[in-house]
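Input: a single structure, listed below in structure tokens.
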Amino acid sequence: MKYIVIIPDGMADYPLEELNGRTPLQAARTTNMDYLAQNGFSGLVQTIPSGMKPGSDIGNMAILGYDPKKYHTGRAPLEAANQNILLKENEIAVRCNFVTIDHNEMSDYSAGHISTKEADILIKELNEQLGCDTIKFYTGKSYRHILVIKDENIEQLIKVQTAAPHDILGKDINHFLPKGKGSELFLEIMNKSKEILQNHTINQVRIDLKENPADMLWLWGQGTNPSLPAFKEKFGISGCIISAVDLINGIGRLAGLDIIDVPGITGYYDTNYLGKAEYAIKSLKKHDFVYIHVEAPDEAGHNGDARAKIAAIENIDREILGTILNHYDKHDDLRILLLPDHPTPVKLRTHTDDPVGFVLYGKGIQPDPTEKFNEATSKEKGLKFKSADELMNYFITKNQ
Ligand SMILES: [Zn+2]
């Protein structure tokens, strides 16, 4: 049996006036997702466990079969894992965003989606001026980077309250600065980053080009090394991941899954959708399981852009799912699972922990047809799984 999981990150949403009361998924042309619903089994699943923060780290960890309540130790260590940054004892990883601040308000969580090339120059400068035995910065992708802090008192640093910048858009940052014992170190690094970045030529050029500058480094999502039992051990099958996002690949690496490099994938609207499908099909020659994650719908949600969200959903439906359905025969030993990891409503521009719609299709899956796949039809079917790791277990083991 071959298994394909497709994650349109943040796809779920609420009805929008500008779409005549429809959600972006309802407004999008999704003939292939609807085909899965007409020939498969759909409903709602609670991907974010109660009391945990809705985010891609929690959502995707759960969907891959790992209960976040048991295994989650912070977001940054997962991203660090994808850069092969192995945290030693007394070390924590901290997520750093380059952000744009306007009159003390968080105006852009991505500093205008700064390029990795520009960001790397800034990270080198920060290491030059702030780096030492206990503080080291690592370049990630675009606006997402990692700081490793070595400290005798990491228990305290883990408990420092921080806020995700995409959760405080348009808000006064003074209300969301790191708080609690040990937060002084975070504040010191953030304040010094402001001084270093303020007059940096990279920012001068960005301002001249009317692009959002990287005004400061925003620290959040810190944690220690998580340890995940191997996916192969858990489910008895080998697998791989296709994603442009360090976080997702990091979870994959920690679970012993292969990371497939696809040329031209970006983690944004202009990603190589078709390439993801082609490499997924190829990877199943060697593996039993492939996890295809697509970031674009989430970015559109954070940008408050319904049109861009519809376009991303249609690209996923046509280029990824369409290519896969065209390649396989409906009698093949194949199962497909499609669901978002959490909603990122365009109106809210951040994540929520509402349950999301999923659709399961393929060999040994008892169909419970419905005409369309969207938030309303999934709601009608009701909550089928109280947790995403339960859904993954069902997907792989049901009728085997
Ligand atoms: Zn997400």
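Residues in region 30-81 that are among the basic types (K, R) and within 16 Å of the ligand (Cβ to nearest atom) were compared, and the one that is surrounded by the fewest Cβ atoms within 10 Å (Cβ to Cβ) is K53.
Restricted to region 222-284, the set of helices (runs of 4 or more DSSP H) holding at least 3 residues that are assigned by TED's automatic domain parsing to the domain that holds R318 and surrounded by 23 or more Cβ atoms within 10 Å (Cβ to Cβ) comprises 246-254, 273-283.
Within region 377-400, the set of residues being surrounded by fewer than 16 Cβ atoms within 10 Å (Cβ to Cβ) and either closer than 27 Å to P24 by Cα or of a type in the set (D, E) (or both) comprises K379, E380, G382, L383, K386. Listed by position, the helices (runs of 4 or more DSSP H) inside region 115-213 whose residues that are outside the structural domain of E295 (by TED's automatic domain parsing) and either within 25 Å of E89 (Cα to Cα) or among the hydroxyl-bearing types (S, T, Y) (or both) number at least 2 are 116-130, 154-158, 183-198.
Check I58, I101 and return the single one that is modelled with pLDDT of 95 or more and under 18 Å from the mean Cα position of the chain (by Cα). Give the derivation first.
Values: I101 fails: under 18 Å from the mean Cα position of the chain (by Cα).
After applying the criteria, what remains is I58.
Residues in region 8-25 that are surrounded by fewer than 21 Cβ atoms within 10 Å (Cβ to Cβ), touching a residue at least 12 places away in the same chain (Cβ under 8 Å) and not in a loop (DSSP other than H, G, I, E, B): L16, E18, L19. Could we say that G223 is touching a strand residue (DSSP E or B) at 6+ places or on another chain (Cβ under 9 Å) and over 19 Å from D120 (Cβ atoms) here? The answer is yes for G223. The set of residues from region 351-376 being open to solvent by less than 20 Å² (accessible area, probe 1.4 Å) and aliphatic (A, V, I, L, M) comprises V356, V359, L360, I365.
Can you find a residue that is of a type in the set (V, I, T), buried (at least 19 other Cβ atoms within 10 Å of the Cβ) and under 16 Å from Q222 (Cβ atoms) anywhere in region 103-119? Looking for residues that are of a type in the set (V, I, T), buried (at least 19 other Cβ atoms within 10 Å of the Cβ) and under 16 Å from Q222 (Cβ atoms), one finds none in region 103-119, hence no.
Taking region 82-116 as the range and being within 16 Å of the ligand (Cβ to nearest atom) and over 15 Å from I135 (Cα atoms) as the test, the residues that pass are N82, N97, Y109, S110. So, in region 285-303, of the ones that are open to solvent by 20 Å² or more (accessible area, probe 1.4 Å) and more than 16 Å from the ligand (Cβ to nearest atom), which residue ends up nearest to M61 (Cα to Cα)? Step by step, filter region 285-303, then rank; the result is D288.
Within region 293-305, residues that are at pLDDT 95 or above have Cβ atoms under 7 Å from residues that are part of a strand (DSSP E or B) and within 9 Å of the ligand (Cβ to nearest atom) in these pairs: H293/I7; V294/I7, counting only partners at least 6 apart in sequence or on another chain. Within region 255-284, the only residue that satisfies the criterion of being at pLDDT below 95 and under 20 Å from I63 (Cα atoms) is G267.
Listed by first and then second residue, the pairs with beta-carbon distance under 6 Å, at least 6 apart or on different chains, first residue in region 59-77 and closer than 8 Å to D389 by Cα, second within 16 Å of the ligand (Cβ to nearest atom), are A62/T47; A62/P68; A62/A388; I63/A388. Taken together, the residues in region 315-350 that are open to solvent by 20 Å² or more (accessible area, probe 1.4 Å) and more than 18 Å from D288 (Cα to Cα) amount to 9.
The values are calculated or read from the model by the stated rules, or taken from the named source; none is laboratory data. Small disclaimer: the values here were computed from a predicted structure and weren't measured. As a convention, Cβ positions derive from the backbone with ideal geometry for all residues, glycine included, and neighbour counts pool all protein chains shown. Ligands, DNA and RNA are stripped out before the accessible areas are found, and what is left, the full protein with its side chains, is counted by its heavy atoms. Shrake-Rupley method; radii C 1.70, N 1.55, O 1.52, S 1.80 Å.
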